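Working notes, structure below.
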Amino acid sequence: MIVKHLTTGPLQVNTYIVGDDATRDAVIIDPGGNADEILRNVQEAKLTLRRIINTHAHFDHVGGVAPLKEAAGVPFALHRAELPLLENYRSQLAYFGISAGEPPAVDEYLEEGQEIEVGEIVLRVLFTPGHSPGHVTFLYDPAESGGGPRVAFSGDVLFRGGIGRTDLPGGDHERLMRSIREELFPLGDETTVYPGHGSSTTIGREKRTNPFL
């Protein structure tokens with residue numbers, strides 16, 4: 001599996017290009033902005049973009065979706081419970097003092113347990129709300145195709161030394177903690193976590209050292 005990490009948008013979101021070595025198919029996770037830079041990296045890696053998939057719809061994670069869709073002609077997938085946030089996209093921007101823009105249109109709705117094929121790679125959708133109502137995590141489990149540690153793209157649920165904020169509209173601290181303990185912890189201590197902000201980590205490290213847990 002190919003994983004290229006970019007930091008994009010006004011709030012420095014972690015955007016991930018995930019590709020398959022064999023077929024060179026790829027998806028983009030959480031394009032917060034800098035669409036030209038993202039596309040340049042896709043092209044330099046000789047990948048073919050097939051889909052944009054988002055963990056959630058806060059403005060800092062979707063800022064690059066619309067220009068990517070237009071440039072690459074690919075669909076955008078999001079959990080249906082995130083639609084209220086997307087519909088209030090302009091209000092989100094105004095709250096942070098950023099000039100208003102238009103939200104991207106959703107082409108596909110993600111479902112819990114859904115498997116997203118990226119060439120020969122499969123990303124499974126885990127439902128992990130709390131930071132937002134329809135937040136999801138994308139799980140790659142190589143044990144299903146030969147072995148190796150799992151990889152979770154956790155968005156804003158779990159960070160290195162932190163957890164997602166729950167003081168924004170749709171946030172629920174109790175639900176967030178349940179998502180971490182019931183969905184992420186069972187993935188195993190060796191699971192690599194690629195979060196929506198900051199450095200990567202592992203489930204085991206966060207169990208041992210995260211002060212919020």
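The values are calculated or read from the model by the stated rules, or taken from the named source; none is laboratory data. Bear in mind the structure is a predicted one, so any value in this text is a computation, not a measurement. Don't worry about glycine lacking a Cβ; one is built from the backbone with ideal geometry, like all the others, and counts go over all protein chains shown.
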Residue pairs meeting the criteria (Cβ under 9 Å; at least 6 apart or on separate chains; first in a loop (DSSP other than H, G, I, E, B), in the stretch 74-89; second surrounded by fewer than 18 Cβ atoms within 10 Å (Cβ to Cβ))
74/107; 75/107; 75/108; 88/169
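Check 130, 97, 73, 134 and return the single one that is at pLDDT 95 or above and exposed (fewer than 13 other Cβ atoms within 10 Å of the Cβ).
Values: 130 fails: exposed (fewer than 13 other Cβ atoms within 10 Å of the Cβ); 97 fails: at pLDDT 95 or above; 134 fails: exposed (fewer than 13 other Cβ atoms within 10 Å of the Cβ).
Matching residue, one of 130, 97, 73, 134: 73.
Answer yes if at least one residue in the stretch 141-153 is in contact (Cβ under 8 Å) with a residue 24 or more places away in the chain, assigned to a loop (DSSP other than H, G, I, E, B) and under 25 Å from residue 24 (Cβ atoms), and no otherwise.
Of all residues in the stretch 141-153, those in contact (Cβ under 8 Å) with a residue 24 or more places away in the chain come to 142, 145, 149-153.
Still in the running and assigned to a loop (DSSP other than H, G, I, E, B): 149-150.
With the extra rule that they be under 25 Å from residue 24 (Cβ atoms), the set shrinks to 149-150.
Yes.
Yes/no matrix, rows are residues, columns are (1) over 16 Å from residue 80 (Cα atoms); (2) small (Gly, Ala, Ser); (3) free of Cβ contacts under 8 Å to residues at least 60 places away in the same chain:
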residue: 104; (1), (2), (3): no, no, yes
residue: 112; (1), (2), (3): no, no, yes
residue: 134; (1), (2), (3): no, yes, no
residue: 138; (1), (2), (3): no, no, no
Which count do you get for residues in the stretch 1-21 that are under 21 Å from residue 121 (Cα atoms) and assigned to a loop (DSSP other than H, G, I, E, B)?
3
Which count do you get for residues in the stretch 100-118 that are under 28 Å from residue 183 (Cα atoms), part of a loop (DSSP other than H, G, I, E, B) and either at pLDDT below 95 or in contact with a helix residue (DSSP H, G or I) (Cβ under 9 Å, 6 or more places away or on another chain) (or both)?
3
Within the stretch 114-129, track down each residue that is touching a Leu at 6+ places or on another chain (Cβ under 8 Å), without any contact (Cβ under 8 Å) to a residue 12 or more places away in the chain and more than 21 Å from residue 2 (Cβ to Cβ).
none
Selected residue [charged (D, E, K, R), touching a helix residue (DSSP H, G or I) at 6+ places or on another chain (Cβ under 9 Å) and over 20 Å from residue 116 (Cβ atoms)] from 70, 44, 87:
70
Taking into account only those residues within the stretch 27-45 that are of a type in the set (A, V, I, L, M) and over 14 Å from the mean Cα position of the chain (by Cα), which is nearest to residue 14 (Cα to Cα)?
38
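To keep it simple, each residue is scored yes or no on (1) within 22 Å of residue 193 (Cα to Cα); (2) of a type outside the set (Ser, Thr, Tyr); (3) surrounded by fewer than 24 Cβ atoms within 10 Å (Cβ to Cβ).
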{"residue": "11", "(1), (2), (3)": "yes, yes, yes"}
{"residue": "18", "(1), (2), (3)": "yes, yes, no"}
{"residue": "40", "(1), (2), (3)": "no, yes, yes"}
{"residue": "69", "(1), (2), (3)": "no, yes, yes"}
So residue 140 passes all but one of these: (1) crowded, with 20+ Cβ neighbours inside 10 Å; (2) farther than 17 Å from residue 18 by Cα. Which condition number does it fail?
(2)
In this structure, does residue 166 turn out to be within 23 Å of residue 19 (Cβ to Cβ), modelled with pLDDT of 95 or more and either part of a helix (DSSP H, G or I) or of a type in the set (Val, Ile, Thr) (or both)?
no
